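The structure appears below as structure tokens.
The values are calculated or read from the model by the stated rules, or taken from the named source; none is laboratory data. Predicted model, so just to flag it, every value in this text is computed and none were measured. Virtual Cβ from ideal backbone geometry, glycine too; neighbours counted across all protein chains shown. Surface areas here come from the heavy atoms of the whole protein model, side chains and all, with no ligands, DNA or RNA. Shrake-Rupley method; radii C 1.70, N 1.55, O 1.52, S 1.80 Å.
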Amino acid sequence: MLNFERCSMETINDLSSAYQDMFDNASDAMLLIKNQKFISCNLAALNMLKARSRNQLNEVCPTDISPKLQSGGISSKEKAQQMFEFAAEKGSHKFEWVHRDFNGVDFPVEVSLTEIYLRGDSFIHVVLRDLDEQYHRISNVEIGELVYQNTNDAVMIANASNTIVDVNTAFEMITGYSRLEAIGQQTGFMKSGVHGKNFYKNMWSEIGDKGYWCGEIWDMTKDGKVYPKQVKIHAIKGFANQIVNYVAIFSDSSDKVKHQQELERLAFYDALTGLPNRSLLLKKLNYMVDSPFSGNDSFHIAFVDIDKFKIINDTKGHTFGDAILTKVSEALADSLAANGICGRMSGDEFLIIFNRNVGKSEVQAIVNNVLSRFEQPLEIENIEYYVSLSVGLNQFDSTIQNVKELIAGADVAMYQAKQRAGNNCAWYNTAIGKEFNETHELELDLIKAIQAKEFYPNFQPIIELSTGKIVGCESLARWQRNQTEQVSPAKFIPVAEKLSRFNELSSTLLLKSCQFMAQGITTKGMLLSVNVAANEIADENFFNCFIETINLSGFALNQVQIEITETSLIENFECAKINIEKLKRSGVRIALDDFGAGFSSLTYLNKLALNTIKLDKSLTHNLDNEKNRIIVHSIIDMAHKLDITVVAEGVEEVEQVTCLKDLACDLVQGFYYAKPMSERDFSELPGYLVN
């Protein structure tokens, strides 16, 4: 008997067990209807309608689990009545219907109504098939066909024998072959000849092992154009794991290749000059350094720098500077020819990497040719402009460990070339390297010493010549680098100026000097003379910093004298003049140092309100020469008429003292009286020194 939870009809009890099994276990949803109401259903129907049990369906009409309206706008009741009548009339009827499950979700079904009789009584046997899955399968097929024909990627389908059986529209557009021309051809009929047999052998081997292959293939279009394409080939397997089809999907990657080439150009080539950039040069160098070589197998590089390029940019503008860079790059490339590659490292720095077969003498000849080109002016923006280069050369051999060391050597040699007045070259050697390392270490130590305020003053007395009285002193910077090394000012002051740290050093020295003079008993009333560098006196902040430091020390402004050189005035006279005038108004005295060593010193006697001039040592040391003695006498006489005090520097012998007395020099300073000394030694000096 059929397994109904509620069944009041005796006829149903007579159904056979075979029918019951078929009914209960069918994969399709099945129901029985009597008098247009459900009287039973199978498990598939319960699942489809989301019913918890058969009780939910007993005595339920089909329209009770349907929306009010069916497709087309007809009501469910009206359509149900029609469908039952058609089934009764024909014995069976199939139609589409929209049901609503017990969760309230509408879904389409295909309904098959069949009238059956059992012992004289009639029933309607109902079979429901969910159309969502069917629609989905149909839709997938339609979508697949739509994508197949409209995708931008070409699709080529071949059978197991590699004969093309179908292609899509994109295939026709990319290759130039029509569908009919392609079908029946072997898959390799578009080969360009770019790839060898091993390429295809490896490709098919990978397809056999993995079932697919991805990569780039260069093929030929119908009109003979060779082009790159990105290809994916899949092997489609069927019964017994046998390959039945190959599907190749590809796209024209010409634009991608061009884009990649453009990215590579941007990544490895300088935008301004078109030369290889730092990245490509280092890549090339690393390759050459890492390549195996014999003991005699080496190569050379040249590090090229444009002299004073920053000044060119600052004074002429970046457009002019760019034109210089372009002209230099062209000259380097032309001179090098096929002997290596040249590139721009950064800013105004270029690097030449010579081929291994270019010997040292040939390298030197090429560099000399480059330098000779710049002995003539360049024509830029309709004007002629002279440019010079400094070139550092280095050779790679077994003694050099890496690229960094190789370039560093060439860089060191380049700075050596710069010291030879520009448009010159120098080869790196151990002596240059040692000197550079020593200088570098000195720079590092000097910066640390400035930060730690390790610089201190020594004082050299200034004596009134007529009486021997000590009237002042000159403060001179000293640096005890370590326990044994006393670094000469002639060595560390240029380094401080190069590193733009001289102002810090000078400020520390000024404060310490003023504090000593302010606190000393024996120094009371003495004049302190301090040196001021060219970049200091022209700095717009110099005046305020200088006055603030003196005030902080407690020393009197009118007891301080600054010593400036003619060079510092020449570099930026107008700015220097402004600061000098402000200092003079504040009470600070002004001295012109090294007077007589330059060519235009007399001009400053008229332009500046000087208190003192200090005769250069070259004049003091040649007083035994009559002409020189006449010059010194004239200077002293002229200075006195202008109410300017004269100090003679570098006095070392008694004959100089005697002569200067005869010439009426005011003050003297030099080793004859005393060398520069410490604060303690200076404090212990008597007030007068023997003439």
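Listing for the model above:
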{"read-out": "Residue identified as exposed (fewer than 15 other Cβ atoms within 10 Å of the Cβ), at pLDDT below 85 and assigned to a strand (DSSP E or B) among TYR135, TYR117", "value": "TYR117"}
{"read-out": "Meets criteria (over 21 Å from ARG278 (Cβ atoms), over 32 Å from the mean Cα position of the chain (by Cα) and touching a residue at least 40 places away in the same chain (Cβ under 8 Å)) for GLU384", "value": "no"}
{"read-out": "Those strands (runs of 3 or more DSSP E) lying entirely in segment 175-255 with at least 2 residues of a type in the set (Val, Ile, Thr) and more than 17 Å from THR163 (Cβ to Cβ)", "value": "226-237"}
{"read-out": "Selection within segment 272-298 - out of contact with any Phe, Trp or Tyr (no Cβ under 8 Å at 6 or more places or on another chain) and at pLDDT below 85", "value": "ASP290, SER291, PRO292, PHE293, SER294, GLY295, ASN296, ASP297"}
{"read-out": "Segment 623-639: number of residues that are more than 19 Å from LEU602 (Cβ to Cβ), open to solvent by 20 Å² or more (accessible area, probe 1.4 Å) and not acidic (Asp, Glu)", "value": "1"}
{"read-out": "Identity of the residue in segment 87-103, free of Cβ contacts under 8 Å to residues at least 24 places away in the same chain and open to solvent by 50 Å² or more (accessible area, probe 1.4 Å), that ends up farthest from ARG129 (Cα to Cα)", "value": "GLU89"}
{"read-out": "Those residues of segment 391-415 which are at pLDDT below 85 and under 30 Å from SER329 (Cα atoms), in sequence order", "value": "ASP397, ILE400, GLN401"}
{"read-out": "Answer from SER335, SER279, SER329 - the residue that is part of a helix (DSSP H, G or I) and more than 30 Å from ASN382 (Cα to Cα)", "value": "SER279"}
{"read-out": "Exclusive hit being of a type in the set (Asp, Glu) and more than 23 Å from SER466 (Cβ to Cβ), set GLU684, GLU653", "value": "GLU684"}
{"read-out": "Any hit, segment 185-193, residues being exposed (fewer than 12 other Cβ atoms within 10 Å of the Cβ) and either at pLDDT below 90 or closer than 14 Å to TYR246 by Cα (or both)", "value": "yes"}
{"read-out": "Count of segment 195-225 residues which are open to solvent by 60 Å² or more (accessible area, probe 1.4 Å) and touching a residue at least 24 places away in the same chain (Cβ under 8 Å)", "value": "5"}
{"read-out": "Residue match in segment 389-398 (condition: open to solvent by 30 Å² or more (accessible area, probe 1.4 Å), within 24 Å of GLY340 (Cα to Cα) and of a type outside the set (D, E, K, R))", "value": "yes"}
{"read-out": "Segment 22-58: number of residues that are farther than 19 Å from PHE107 by Cβ, touching a Phe, Trp or Tyr at 6+ places or on another chain (Cβ under 8 Å) and either open to solvent by 70 Å² or more (accessible area, probe 1.4 Å) or part of a strand (DSSP E or B) (or both)", "value": "6"}
{"read-out": "Members of segment 430-482 that are open to solvent by 30 Å² or more (accessible area, probe 1.4 Å), in a strand (DSSP E or B), closer than 14 Å to SER513 by Cα and not hydrophobic (A, V, I, L, M, F, W, C)", "value": "TYR456, ARG478"}
{"read-out": "Scope segment 463-480; condition over 57 Å from the mean Cα position of the chain (by Cα) and either of a type in the set (A, V, I, L, M, F, W, C) or at pLDDT below 90 (or both); matching residues", "value": "ILE463, LEU465, ILE470, VAL471"}
{"read-out": "Filter result (charged (D, E, K, R), closer than 17 Å to VAL471 by Cβ and not in a loop (DSSP other than H, G, I, E, B)) within segment 656-681", "value": "LYS661"}
{"read-out": "Any pair with Cβ under 7 angstrom, 6 or more apart, that starts in segment 612-625 at a residue that is closer than 16 Å to ILE462 by Cβ and modelled with pLDDT of 90 or more and ends at one that is open to solvent by less than 20 Å² (accessible area, probe 1.4 Å) and among the polar types (S, T, N, Q)", "value": "THR612/GLN561; THR620/GLN656"}
